[in-house]
Amino acid sequence: MQGIFKRSILMTLALLVVTCGIYPIGVWVVGQIVFHGRANGSIVLKNGNPIGSILIAQNFQKPEYFHPRPSSAGDKGYDAANSSGSNLAMTNKKFIDGVAANVKQSIADNPGLKMGQVPNDMVMGSGSGLDPDISVENAFAQVPRVAQARKLKIEDLQSLIQKNVQGPDLGSFGEKHVNVLKLNLALSEIPVSAK
């Protein structure tokens, strides 16, 4: 009996060392060497200062920038410490009214956009509330607003979007998409025209 007890203690200690020491350190080392940027949050730096992460949506509201999906994360949305969707069913009146309000606002904000043309991801949030990507269709729907605000040619913005299209992952997983932060960083290289 004493031998079994001794072996179980030694096995527990050995597993403790492997699972709480060697394995996490090994994963950290591989992450730092092979996936350094991703392992450290994919932080984007501008002039040496962190301005965001390509993994987490930010609330761009100015008309001269492309806007992300709506967010229910936290009290005001886009709260990275409080990731969540709305958790409302598609038949819930609050959900339906919220989407209807988002459609109305999207049509008001984006010249030329009409009822029935509004992309789903322009008016409905993601499950996490922090999806950093929008559909290519959503990006193109925002072009007239951004072009008007920046006094740029529509063709130039469409070309910028095409240069920033990503996916599908591994050639077949998911849909083509555009990372809003990357797109807006590329856009910020083009100066806003004086009004």
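In whole percent, what relative contact order does the range 41-188 give with Cα contacts below 8 Å and a gap of six or more residues?
Working: 240 pairs, mean separation 38.1, N = 148.
With pairs under 8 Å counted, the relative contact order is 26 percent.
How big is the range 41-188 in terms of Cα radius of gyration and Dmax, in angstroms?
15.3, 47
Could I get the Rg over Rh figure for the range 75-150? Both from C-alpha atoms, Rh via Kirkwood, rounded to two places. Each step should come with its number before you reach the end.
Values: Rg = 13.4 Å, Rh = 13.6 Å.
Reported Rg/Rh, Kirkwood definition of Rh: 0.99.
Given Cβ point charges of +1 (Lys, Arg) and -1 (Asp, Glu) and nothing else, what value in debye, to the nearest 20, does the dipole of the chain about its Cα centre take? Don't skip to the end; give the middle numbers.
Working: 19 positive and 14 negative charges, 46 e Å.
Using only the charged Cβ atoms, the result is roughly 220 debye.
If you split all Cα-Cα distances of the range 1-40 into 5 Å bins from zero, what percentages do you get per bin, shortest first?
6, 24, 15, 13, 12, 9, 8, 6, 5, 3, 0
With N denoting the number of residues in the range 49-114, provide Rg(C-alpha) divided by 2.2 N^0.38 Å, to two decimal places. Each step should come with its number before you reach the end.
Details: Rg = 13.8 Å, N = 66, 2.2 N^0.38 = 10.8 Å.
Output field value: 1.28.
Among 34, 18, which comes first, then next, by fewest other beta-carbon atoms within 10 Å?
Working: 34 9, 18 12.
Starting with the residue having the fewest Cβ neighbours, the order is 34, 18.
If one takes the longest principal axis of the Cα atoms in the chain, at what angle in degrees, from 0 to 90 and to the nearest 10, does the Cα axis of helix 136-150 lie?
Tilt of helix 136-150: around 50 degrees.
Can you give the Kirkwood hydrodynamic radius for the range 111-195, in Å, rounded to one decimal and based on Cα pairs? Mind dumping the intermediate values first?
Values: mean 1/r = 0.0722 Å⁻¹.
It works out to 13.9 Å.
Quick one: which of 8-17, 36-45 comes out on top by average Cβ neighbours within 10 Å, and what's the full order, highest first? Write down the numbers at each step before the final one.
Values: 8-17: 10.1, 36-45: 12.4.
Ranking the peptides 8-17, 36-45 by packing returns 36-45, 8-17.
About the Cα centre, and with charges only on the beta carbon of Lys, Arg (+1) and Asp, Glu (-1), how big is the dipole of the range 1-102? Nearest 20 debye, please. Please list the in-between numbers first.
Numbers: 9 positive and 4 negative charges, 48 e Å.
Result for the range 1-102 is approximately 240 debye, rounded to the nearest 20.
Cut-off is 10 Å between beta-carbons; in what order do 175, 155, 137 appear when sorted fewest neighbours first?
So the ranking, lowest neighbour count to highest, is 155, 175, 137.
No lab work stands behind these numbers, since they all come straight from the coordinates. For clarity, every value in this text was computed on a predicted model and none was experimentally measured. Cβ atoms come from the backbone with ideal geometry, glycine included; neighbour counts cover every protein chain shown.
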